[in-house]
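The values are calculated or read from the model by the stated rules, or taken from the named source; none is laboratory data. Everything numeric here is computed off the predicted structure, so don't read it as measured data. For neighbour counting, all protein chains shown are included, and Cβ atoms are generated from backbone atoms with ideal geometry for every residue, glycine included. For accessibility, only protein heavy atoms count, side chains too; no ligands or nucleic acids. Shrake-Rupley method; radii C 1.70, N 1.55, O 1.52, S 1.80 Å.
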Amino acid sequence: MRDVLNALRADWLAGGTAGLATVVRTFESAPRPPGASMLVTADGEVVGSVSGGCVEGAVYELATQVKEDGRPVLARYGISDDDAFSVGLTCGGILDVFVEPVSRHGFAELGDVMDDIDESRPVGVATVIEHPDETWLGRHLVVRPDGFVGDLGSERANRAVSDDTRGLLAAGRNSVLTYGPDGERRGEGMRVFFASYAPRPRMLVFGAIDFAAALARLGSFLGYRVSVCDARAVFATPARFPSADEVIVAWPHRYLAEQFEKGLVDQRTVICVLTHDPKFDVPLLEVALHAGPVAYIGAMGSRRTHEDRLARLREAGVSEDELSRLHSPIGLDLGSRTPEETAVSIAAEIIAAQWGGSGDPLTLLGDRIHHDEEPTPDHES
């Protein structure tokens, strides 16, 4: 919904009804992930995308119908042997798309949800996408760390879904959850899609150098909240890092320890150490490797620098298990030369670590492209 938020807000505030299509599940090589949305506004304008172009025409027609008749629909789009280019996904993937009417009357809590997203407060929306009783379809539960508002259809369902989605909200994950018709955890009949709108994940870049400026630009492009930290005030200035959300002048290891203590680093955070100076990076990496789980820790430097760094970290008491989490020298082997190319190399390794990619050319691989997708649901209709 983030992609279509501004257009959706305008319709919602004006009292209009929009048709919102959201990818809720993907199988095989689907082009967009769960949570991707396309909006057909009250005036018929299209905003966003669910497939990168493959099925947008069909989804547009369905969303137009839904916003007019007010009946939510769960649709499946996959490759068609007869006419793959008209409606199906030519990549061979399958998308489950939930299309619902959205208005102030049907989703009164949406205004507060949009405010939470704007203010980077964690919030999630659970939506009933399948149920034997059609009156449950499209009902919403707004979940926050301290509770929930809304009604899925019964108090039992509300409690079960709110309890089960707190962890998803904390991790910033979207997911489909399955229950019995009244929210029974052991059962079938009701499926709920949970969309998490957690604050942007953080990218902490240490070392105010030209490589850091390039990485800050790319990190911001990828959706990270980027912080650049360096102890040298003459180099760590907002003017040198316009793409960063914040530039901090502090000893790196002290700043990082403080961020951990305040609970501002989580399992989605990536830490990039570009100082390649032992007096900065060894105490910094000691903090990073000793502390709680993060998504990625990488350190720049030559292989000689890397070997010296490992020896110093071992002397400081860092275990072999902890050292195994360190990506050093940082980045994938792309033959990078410029700061911008190096930033792409680092970002590529971060993405591979996040999604389980090998970093090998796709032409050499026979497996499906997207590692996190479900296999084709042959047993489903």
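Please work out which residue is most open to solvent (accessible area, probe 1.4 Å), limiting yourself to segment 50-63 and to residues that are within 11 Å of Gly19 (Cβ to Cβ) and not hydroxyl-bearing (Ser, Thr, Tyr).
Here the residue is Glu61.
Is one or more of the residues making up segment 76-92 crowded, with 19+ Cβ neighbours inside 10 Å and either under 13 Å from Leu20 (Cβ atoms) or modelled with pLDDT of 95 or more (or both)?
Checking segment 76-92: not a single residue is crowded, with 19+ Cβ neighbours inside 10 Å and either under 13 Å from Leu20 (Cβ atoms) or modelled with pLDDT of 95 or more (or both).
Would you pick out the residues in segment 269-300 that are in contact with a Gly (Cβ under 9 Å, 6 or more places away or on another chain) and either surrounded by fewer than 24 Cβ atoms within 10 Å (Cβ to Cβ) or assigned to a loop (DSSP other than H, G, I, E, B) (or both)?
Selection gives Leu274, Thr275, His276, Asp277, Phe280, Glu286, His290, Gly298, Met300.
Just checking, which of Ser227, Ser196 is modelled with pLDDT under 95 and polar (S, T, N, Q)?
Ser196
Taking the condition basic (Lys, Arg), free of Cβ contacts under 8 Å to residues at least 60 places away in the same chain and outside any loop (DSSP other than H, G, I, E, B), does Arg254 pass?
yes
Report, ordered by the first and then the second residue, all pairs with beta carbons closer than 8 Å, sequence separation of six or more or different chains, a first member in segment 137-163 that is among the polar types (S, T, N, Q), and a second member that is open to solvent by less than 20 Å² (accessible area, probe 1.4 Å).
Qualifying pairs under 8 Å: Ser154/Gly183; Asn158/Leu141; Asn158/Leu152; Asn158/Gly183; Ser162/Ala126; Ser162/Leu141; Ser162/Val143; Ser162/Gly147.
For segment 140-153, enumerate the residues that are in contact with a Gly (Cβ under 6 Å, 6 or more places away or on another chain) and either open to solvent by 50 Å² or more (accessible area, probe 1.4 Å) or under 16 Å from Arg185 (Cβ atoms) (or both).
Listed by number, the list holds a single entry, Leu141.
Could you list all residues from segment 17-49 that are open to solvent by less than 20 Å² (accessible area, probe 1.4 Å), farther than 18 Å from Tyr197 by Cα and in a loop (DSSP other than H, G, I, E, B)?
Ala30, Thr41
Among the residues of segment 151-191, write down those that are more than 21 Å from Glu109 (Cβ to Cβ) and part of a helix (DSSP H, G or I).
The answer is Gly167, Ala171.
Would you check if Pro132 is modelled with pLDDT of 90 or more, under 17 Å from Ala18 (Cα atoms) and over 24 Å from the mean Cα position of the chain (by Cα)?
no
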